[in-house]
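K.L.:
Sending over a structure as structure tokens; questions will come in a sec.
Every number in this text was worked out from the coordinates using simple rules, so none of it is lab data. Note that the coordinates shown come from a computational prediction; the quantities given were computed from them, not determined experimentally. Reconstructed Cβ throughout: ideal geometry from the backbone, glycine too, with neighbour counts over all protein chains shown.
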Ligand code: C5P
């Protein structure tokens, strides 16, 4: 069977990664969570004092340090899903905190950050057989992807999902804070100058507000079968 490239884009916390991870496992494709890469750069900036006291970013220093930020993924044998490593350290949990969520979108709006991460993403997908999720995969990273999906759901549904996910991991979560963060990130991600979040013209739209995970999985599998 021919290997293809699958691009899954959409708003924050709309279940893209759950769908993508499950399909990747089932069809033996590599899964890449590009949000984890932007989150890792954010965590690096937080840990290295690259946010100023007023919350702004020390962009000059971050730009210089980009070459030192090594992000990799390794399959977790227990979960069967990839974990994120930042310069060799397992950061899967650290990059999902509300502190990182609150700071990631301004980092992801910086042109030099996008340029560096997009180049790494394109290198990972050179051999095809890849499912990548994010905001600009179908528009910028892989404009020629054979299958493009654009996922949407109401902000309330998405905030509830993120709340349940954090709770399940035993992490602190407040529904109102999460809803506010989801809306803020949607706004910044859709209005930035470089690679704003938008549906590619040839992407298939999925509103999964009222779908179970099993239904979403079956829907995506059908699209995969149609495309291969
Ligand atoms: O997917 P996730 O919600 O973890 O992504 C975190 C943030 O990273 C997004 O809100 C967005 O600002 C940024 N991002 C991006 N482009 C991508 C993936 C994520 O700008 N391809």
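K.L.:
Can you give the Rg/Rh ratio of segment 133-179, where Rg is from the C-alpha atoms and Rh is the Kirkwood radius?
P.N.:
1.15
K.L.:
Rounded to two decimals, what is the ratio between the C-alpha radius of gyration of segment 1-73 and 2.2 N^0.38 Å?
P.N.:
For segment 1-73, the normalised Cα radius of gyration is 1.45.
K.L.:
Within segment 128-163, find all residues whose amide N lies under 15 Å from a label point positioned 7 Å from the Cα of residue 210 along Cα-to-beta-carbon.
P.N.:
153-154, 157
K.L.:
Also: Viscosity 0.692 mPa s, temperature 37 °C: what is the translational diffusion coefficient of segment 143-223 from Stokes-Einstein with a Kirkwood Rh over Cα pairs, rounded to a whole number of µm²/s?
P.N.:
Estimated diffusion coefficient is 226 µm²/s.
K.L.:
Where does helix 175-191 land angle-wise versus the long Cα axis of the chain, in degrees 0 to 90, nearest 10?
P.N.:
Its long axis makes an angle of about 80 degrees.
K.L.:
List the pair-distance distribution P(r) of segment 70-205, using every Cα-Cα distance, as the percent of pairs falling in each 5 Å bin from 0 up to the bin containing the longest distance, rounded to whole percents.
P.N.:
Cα pair-distance distribution for segment 70-205, in percent: 2, 9, 15, 19, 22, 20, 11, 2, 0.
K.L.:
Let me see the P(r) profile for segment 59-114: every Cα-Cα distance counted, bins of 5 Å, each bin given as a percent of all pairs.
P.N.:
Final binned percentages: 4, 16, 19, 25, 21, 9, 4, 1, 0.
K.L.:
Please list, short to long, the whole-number percent of alpha-carbon pairs of segment 1-122 in consecutive 5 angstrom bins beginning at zero.
P.N.:
The distribution over segment 1-122 is 2, 10, 21, 23, 20, 13, 7, 3, 1, 0, 0, given as percents.
K.L.:
Say R0 is 35 Å: what FRET efficiency, to the nearest 0.05, do residue 174 and residue 152 get from their beta-carbon distance?
P.N.:
With R0 = 35 Å, the Cβ-Cβ based efficiency is 0.90.
K.L.:
Right, next: For the chain, what is the calculated [θ] at 222 nm in deg cm²/dmol (nearest 500), taking -39500 (n - 2.57) for each run of four or more DSSP H residues and dividing by its residue count?
P.N.:
Helix-only estimate at 222 nm: -14500 deg cm²/dmol.
K.L.:
Next question, about the same structure. Taking all pairs of different Cα atoms in segment 32-96, averaging 1/r and flipping that mean, what Kirkwood radius in angstroms comes out?
P.N.:
Roughly 12.5 Å, rounded to one decimal.
K.L.:
I've got another one for you. Translational diffusion coefficient of segment 187-228 at 10 °C, 1.306 mPa s, Stokes-Einstein with Kirkwood Rh over Cα pairs, in µm²/s as a whole number.
P.N.:
127 µm²/s
K.L.:
So how compact is segment 71-150: Cα radius of gyration and Dmax in angstrom?
P.N.:
13.9, 36
K.L.:
Continuing with this model, one more query. When only Cα pairs under 8 Å and 6 or more residues apart are kept, what is the percent relative contact order across the chain?
P.N.:
Normalised by residue count, the contact order of the chain is 34 percent.
K.L.:
Can you give the three extents of the C-alpha atoms in the chain along their principal axes, from longest to shortest, in whole Å?
P.N.:
That works out to 51, 38, 37 Å along the principal axes.
K.L.:
Calculate, for residue 221 and residue 46, the FRET efficiency according to 1/(1 + (r/R0)^6) with r their C-beta to C-beta distance and R0 25 Å; round to the nearest 0.05.
P.N.:
Efficiency for this residue pair is about 0.10.
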